[in-house]
1. Scan region 4-39 for residues that are more than 9 Å from the ligand (Cβ to nearest atom), touching a Pro at 6+ places or on another chain (Cβ under 6 Å) and not β-branched (Val, Ile, Thr) and jot them down.
2. Restricting the first residue to region 218-230 and requiring it to be over 17 Å from Ala187 (Cα atoms), which pairs with a second residue that is open to solvent by 60 Å² or more (accessible area, probe 1.4 Å) meet a Cβ separation below 9 Å and a spacing of at least six or different chains?
3. Can you tell me how many residues in region 191-229 are hydrophobic (A, V, I, L, M, F, W, C) and open to solvent by 40 Å² or more (accessible area, probe 1.4 Å)?
4. For region 393-417, enumerate the residues that are crowded, with 16+ Cβ neighbours inside 10 Å and free of Cβ contacts under 8 Å to residues at least 40 places away in the same chain.
5. Filtering region 278-327 down to residues that are among the acidic types (Asp, Glu) and over 21 Å from Gly140 (Cβ atoms), which residue is least open to solvent (accessible area, probe 1.4 Å)?
6. Looking at region 1-30, I want the residues that are part of a loop (DSSP other than H, G, I, E, B) and have a partner that is basic (Lys, Arg) and open to solvent by 40 Å² or more (accessible area, probe 1.4 Å) with Cβ atoms under 6 Å, at least 6 apart or on another chain. Which pairs are those?
7. Give me a count of the residues in region 238-255 that are exposed (fewer than 13 other Cβ atoms within 10 Å of the Cβ) and either in a helix (DSSP H, G or I) or within 16 Å of the ligand (Cβ to nearest atom) (or both).
8. For residues that are at positive phi and of a type in the set (Gly, Ala, Ser), scanning just region 59-115, find the one that is farthest from the ligand (Cβ to nearest atom).
Amino acid sequence: MKTEIVDRLIQRINQKEVTVGVIGMGYVGLPLVLRFCEEDFRILGFDVDSKKVATLKKGKSYLKSIPSSRVSKFVRNGLLDVTDDFSRLCEPDCILICVPTPLTEKMEPDLQYIEKTTDAIQEHLQKGQLIVLESTSYPGTTEELILPRLESTGLRAGKDFFLGFSPEREDPGNKRFMTQQIPKVVAGVTPSCQKAAVSLYRQIIQKVIPVSSPRVAELTKLLENIYRSVNIALVNELKMLADRMGIDIWEVIEAASTKPFGFSPFYPGPGMGGHCIPIDPFYLSWKAKEYDFTTRFIQLAGEINVSIPYYVVSKVSDALNERGKSIRGAKTLILGVAYKKDVDDARESPALAIMDLLQKKGATILYHDPYIPVLPPFRKYLFKLKSSPLTERLLHRMDAVVVVTDHSQIDYPWVVKHGPLIIDTRNVTKNMKQWKKKIVKA
Ligand SMILES: NC(=O)c1ccc[n+]([C@@H]2O[C@H](COP(=O)([O-])OP(=O)(O)OC[C@H]3O[C@@H](n4cnc5c(N)ncnc54)[C@H](O)[C@@H]3O)[C@@H](O)[C@H]2O)c1
């Protein structure tokens, strides 16, 4: 009996005979590559950034969360090859797309990376290949954007090639969950596409959750991020009210968290950061317009979260004012510019908005971040700044220190002891009652 193309592919996946191509060697793509290598799959990584390709080829990592030793062993044993030559897209049996999905200036989905990648795959599409999109996007991306382009080759999804969507749930810096322990939602555009994609992910992930369509999987990822965005906005709003009422919101959250059911704690901060939570919800609100639908929770959460850096700066200004100083000419140190603790990523970090606002009001800004020695150019901001060494002398010279990111390795009692005024957006000064007069929670 004739073996179907999909059965042959699954058989080869199960026997680890397939080569897996991963496009985009970033925070999502690289851990995925290494996970496949750990299971003895041959990998061909693709990236347009030839510097990243060259670094990986030398067996080195450029991500803090991934030591070079994890890369070098697979380069040495020949399992991992990396290239910027996209004509080699005909080589892998399975191709996973992990390219960026940012927003345009007008806060609309910027799909150029997915489009370019799809065009490159289309040009080299082979019978029997499995293609899976992992990048976060709105429901419909896989079936409306990728599928027609790939089928324009004359090959049919589910018969000649296989197409699916599986959202990434990577949490850089989280040591509690390794890639294989994070359940993975997987969908295909046809039943055989789903079968192929599920077979592949079962090789590297302990628990695979098949869902009925790519749209379900696409919206699942967005729900996860919108859930965080809305809940963070809620506590951020309550933080501002609690402040006016003279109540410590952190104490309130701690008390509410003792409820054993029906409450999940979310914590306020300096505003929302990272490449996912501030961005992904807008993919859905943009798509919703096509259905005459306004996603009000997303809009509201976005508005509140975007306003928080302004609130933090107003707290800096008030605190200086109380000390007879103005923000103009004030020397301010931003402590932590990464978007969250213990990571080396400052994309969309609220620190950038806070620094920009302080600078516009005439303050002098310096920053210290053990993970970000130099501030690269960002989507909206350009600061030509290097991390200043955190010394007693530096702290004495400042008028205010704004704790934006609560990196674990900073000695906060020492900072508070030597700093003149501490604006604390992360509750790092929780138990420092003796310094109460120079601490302002924001
Ligand atoms: N970083 C996370 O924690 C995380 C978590 C879940 C989902 N995601 C999603 O995963 C996707 C990738 O995010 P990331 O954080 O890994 O991004 P990243 O910027 O770290 O990596 C993307 C990589 O793709 C490369 N690239 C860009 N255009 C390309 C092209 N046309 N062909 C090949 N390579 C190309 C870039 O050079 C870069 O190395 C995004 O959709 C993001 O929303 C990210």
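1. Gly21
2. Close Cβ pairs satisfying both conditions: Ile226/Phe297; Ser229/Phe297; Val230/Phe297; Val230/Leu300.
3. Total meeting the criteria: 4.
4. Across region 393-417, the qualifying residues are Tyr412, Val416.
5. Asp318
6. These pairs meet every condition: Val18/Arg12; Met25/Lys52.
7. Count: 5.
8. Among those residues, the one meeting the criterion is Gly78.
The values are calculated or read from the model by the stated rules, or taken from the named source; none is laboratory data. Note that the structure is a prediction, hence the values are computed from the model and not measured. In this analysis, Cβ positions are derived from the backbone assuming ideal geometry, glycine residues included, and neighbour counts consider all displayed protein chains. We work out accessible area using only protein heavy atoms, side chains counted, and drop any ligands, DNA or RNA first. Shrake-Rupley method; radii C 1.70, N 1.55, O 1.52, S 1.80 Å.
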